[in-house]
1. Each residue of the range 22-36 in turn: what ³J(HN,Hα) in whole Hz from Karplus with 6.51, -1.76, 1.60 and θ = phi - 60°, glycine and Pro shown as x?
2. At 0.36 nm per residue, and after removing the present C-alpha to C-alpha distance, how many nm does the segment from PHE43 to GLU2 gain when stretched out fully?
3. Taking just the alpha-carbon atoms of the range 23-71, what radius of gyration and Dmax come out, in angstrom?
4. Using the Karplus curve 6.51 cos²θ - 1.76 cosθ + 1.60 with θ = phi - 60°, what ³J(HN,Hα) values do you get for each residue of the range 45-52, in whole Hz, with x for Gly and Pro?
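What follows draws every value from the coordinates through simple rules; no lab data is involved. What you see is a predicted model; the values in this text were computed from it and never measured.
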Amino acid sequence: MEGKRLYVGNLTYSVNEANLRDLFGAYGDVETVKVIEQKGFAFVEMATSEQAEAAMSGLNETEYEGRTLRIDEARPMQPRSDYGGGNRGGSSGGFNRRY
């Protein structure tokens with residue numbers, strides 16, 4: 001494992017940062033926790049990649065608050081594609097026109 005940032009999925013919506021700090025703290029120093037509200041997942045960054053790997057090995061597919069955790073190495077964010085965006089209305093200067 002190269003990184004030290006983990007994706008934590010299948011969380012109940014009631015899980016908060018403190019809960020995850022306690023849970024992952026058993027595997028080392030937790031640097032950051034970011035719970036994505038009302039989505040059921042979070043990102044946890046450990047101090048080292050070894051600690052992250054230990055946490056992933058120890059916690060993946062274990063039950064936490066009635067749900068089976070899904071833990072994986074977090075992937076770097078990919079930039080969103082533009083879908084051709086920009087000035088779709090011809091020479092409207094970026095403003096939407098009514099037809």
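1. 5, 4, 7, x, 5, 10, x, 7, 8, 7, 9, 9, 10, 8, 8
2. 13.2 nm
3. 10.7, 30
4. 10, 8, 5, 9, 5, 5, 5, 5
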